[in-house]
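Report on the structure given below.
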Amino acid sequence: MNFIIPKNYKFKNKIMGIIDYPTAIFNLIWNIIIYFILKNINMNLSIKIFVFSSFSFPVLLLTIIGFNNESPVYTFRYIIKYLLKQKVYLFK
C-alpha cells in the first residue's frame, strides 16, 4: 500500500501522539517549579497535593486540548505580547 503525502506537509514528533516535545518540556519545567515551591512551604500533604494539582492541571489541559492545535507556549507568548502592546485594529 502506497501513501501519497504532500510535500508541504510537516511531520511533528509527538509523545504518545498527543504532546509535542517543546510543550512537554514546558510542562515538566512548570511542574518542577511548583514542586520546589511547595516543598519549601510547611503545609499539610493533602493541601500540597491540592495546590499542585490546581496549578498544573489547567496547563496540562491547555497542552492536550489547546487552541486549534497551538502549543501553550506560543499561546502564552501571544497573550504576553498583547498585554505589553495593546493595539486596537479597526477595519472598515
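Table for the structure above
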| read-out | value |
| --- | --- |
| Residue that is on the phi < 0 side of the Ramachandran plot and touching a residue at least 12 places away in the same chain (Cβ under 8 Å), where the choices are ASN8, ASN27 | ASN27 |
| Total residues in region 48-80, condition open to solvent by 80 Å² or more (accessible area, probe 1.4 Å) and either modelled with pLDDT of 90 or more or under 17 Å from PHE26 (Cβ atoms) (or both) | 13 |
| Hits in region 10-45 (condition: touching a strand residue (DSSP E or B) at 6+ places or on another chain (Cβ under 8 Å), more than 17 Å from LEU62 (Cα to Cα) and of a type in the set (A, V, I, L, M, F, W, C)) | none |
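The values are calculated or read from the model by the stated rules, or taken from the named source; none is laboratory data. Quick caveat: nothing in here was measured; it's all calculated off a predicted structure. Positions of Cβ are backbone-derived with ideal geometry, glycine not excepted, and every protein chain shown enters the neighbour counts. Just the protein is used for accessible areas: all its heavy atoms, side chains included, with ligands, DNA and RNA removed. Shrake-Rupley method; radii C 1.70, N 1.55, O 1.52, S 1.80 Å.
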